[in-house]
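The structure under discussion appears below in the form of structure tokens.
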Amino acid sequence: MARVPYLDCAATTQVDPRVAELVMRFMVEEFGNAGSRTHTYGAAAQREVNSARERIAATLAASPEEIIFTSGATESDNLAILGLAEAGLESGRRHIVTTAIEHKAVLEPVEHLKTRGFDATLVCPDRLGHVAAGEVLGAVRPDTLLVSVMHANNETGALQPVDAIAEGLANLGDGDGPYFHVDAAQSYGKETGELRNTRIDLISISGHKVFAPKGVGALLARRRRGRRPPLRPLMHGGGQERGLRPGTLPVPLIAGLGLAAELAEAERAERARACRRIRAAALEAFAPLAPVVHADPSRVLPNILSIAFPGLDAEALMVALKDMAAVSNGSACTSERYSLSHVLEAMGLPSEIVSGTVRMSWSHATPAVPWERIADAIGLMA
């Protein structure tokens with residue numbers, strides 16, 4: 001039985017066959033432990049880890065030693081935020097600036113820090129889901145330890161002004177100013193240019209959003225004036241990853257992430273063109289239904305469409321479309337139980353729009369989507 005088109009690439013992507021081939025080789029043939037340096041198996045594994053580190057660093061204009069491998073963007077976010085806690089407590093800088101539309105992997109660690117005496121300012125977005133750089137910068141105080149702003153929202157695809165925020169922080173003229181963390185789980189490999197700004201200290205990336213396997217990601221911890229961000233480990237038990245992330249390195253997954261990163265950068269323009277064509281076709285088919293589309297079309301990832309059809313409930317819509325396309329109603333990472341989107345609520349949208357929004361997301365590899373048939377089915381529900 002043929003499967004319906006997969007339109008949930010913001011939740012996860014298929015592994016690129018070229019990446020899968022490399023991963024399997026390091027599972028079955030080159031299966032050594034990168035920490036075993038006394039034989040050729042371990043040496044081969046270590047070389048591949050080094051290669052992956054170099055590949056990822058090259059995409060971010062960073063140094064390989066600034067790349068820390070993790071289990072994914074959630075762990076990277078936690079390490080970036082909670083890992084700075086001790087430095088904040090020691091320095092008396094106990095204020096964090098973030099936004100109300102961050103992923104829970106950022107918001108929940110920030111909430112945890114509030115139980116340890118930290119204060120947090122959450123900047124709200126406009127009605128299209130974009131925060132203003134000026135509002136973020138205006139929330140910075142002398143005791144601000146960290147500014148954390150996602151690059152692209154996982155629900156709406158709205159791109160946030162991380163470059164302008166980075167420049168604003170640089171213009172504060174204080175080399176010891178707040179650390180700047182960017183959750184780039186959705187944008188890495190798609191909108192990488194802004195992530196090369198050297199005033200961004202910490203960047204979280206995820207393997208399974210960029211056609212690598214699940215279970216691997218990375219945190220870029222960029223040096224500023226020759227000094228690393230003063231991160232402390234969240235776990236203990238080994239000296240791997242410069243003492244910040246103990247445990248045996250998952251060499252096959254790391255190898256896959258390294259190759260996926262290199263391929264995404266090399267094919268970035270071509271992939272973006274393909275995604276824009278799919279988006280245009282979707283919007284053309286849906287236009288007669290007068291939908292509400294979230295995010296400014298000039299500042300949104302081309303592979304995510306957050307859309308509401310007036311008078312229709314998202315849950316009912318997904319059920320009606322299940323034999324035509326695999327779609328979602330928001331983040332797949334937040335909870336196993338459905339609840340209204342905190343992102344859409346923060347945007348100040350009416351409750352009927354919030355409860356009626358679905359997310360359709362695709363990739364350059366997505367086959368033909370029957371947009372007209374989908375639009376007809378939605379039209380019959382109205």
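Details
- Filtering the stretch 84-109 to residues that are in a loop (DSSP other than H, G, I, E, B) and either buried (at least 21 other Cβ atoms within 10 Å of the Cβ) or touching an Asp or Glu at 6+ places or on another chain (Cβ under 7 Å) (or both) leaves L84, G92, R93, R94, I101, E102, H103.
- Filtered by the rule that a residue be assigned to a helix (DSSP H, G or I), in contact with an Asp or Glu (Cβ under 9 Å, 6 or more places away or on another chain) and among the hydrophobic types (A, V, I, L, M, F, W, C), the stretch 243-261 gives V251, I254, A255, L259, A260.
- Comparison of E155, E167, E108, E194 shows that the only residue that is among the acidic types (D, E), within 16 Å of the chain's Cα centre (by Cα) and closer than 24 Å to R225 by Cβ is E194.
- Residues being of a type in the set (G, A, S), under 13 Å from E191 (Cα atoms) and either at pLDDT below 95 or out of contact with any helix residue (DSSP H, G or I) (no Cβ under 9 Å at 6 or more places or on another chain) (or both) - total across the stretch 246-283: 3
- Only one of the numbered conditions (1) buried (at least 17 other Cβ atoms within 10 Å of the Cβ); (2) in contact with a Leu (Cβ under 9 Å, 6 or more places away or on another chain); (3) closer than 23 Å to S339 by Cβ; (4) not hydrophobic (A, V, I, L, M, F, W, C) is not met by H112, and that is (1).
- Count - residues of the stretch 301-341 that are farther than 18 Å from W371 by Cβ and modelled with pLDDT of 95 or more: 1
- So T198, is it surrounded by fewer than 21 Cβ atoms within 10 Å (Cβ to Cβ), touching a residue at least 60 places away in the same chain (Cβ under 8 Å) and of a type in the set (S, T, Y): yes
- Positions within the stretch 360-382 being among the acidic types (D, E) and under 15 Å from A280 (Cβ atoms), in sequence order: E372
- The criterion of at least 1 residues that are of a type in the set (S, T, Y) and crowded, with 19+ Cβ neighbours inside 10 Å is met, among helices (runs of 4 or more DSSP H) falling completely within the stretch 1-82, by 40-59, 73-82.
- Residues that are among the aliphatic types (A, V, I, L, M) and more than 20 Å from the chain's Cα centre (by Cα) are absent from the stretch 199-218.
- Any hit, the stretch 293-308, residues being touching a residue at least 40 places away in the same chain (Cβ under 8 Å) and more than 27 Å from P125 (Cα to Cα): no
- The criterion of being within 26 Å of the chain's Cα centre (by Cα), at positive phi and modelled with pLDDT under 95 does not hold for G356.
- Out of E65, E75, E102, sole residue that is over 15 Å from the mean Cα position of the chain (by Cα), of a type in the set (D, E, K, R) and assigned by TED's automatic domain parsing to the domain that holds L249: E65
The values are calculated or read from the model by the stated rules, or taken from the named source; none is laboratory data. Here the structure is a predicted model, which is why all the values come from computation and not from measurement. We place every Cβ from the backbone using ideal geometry, glycine too, and count neighbours over all the protein chains shown.
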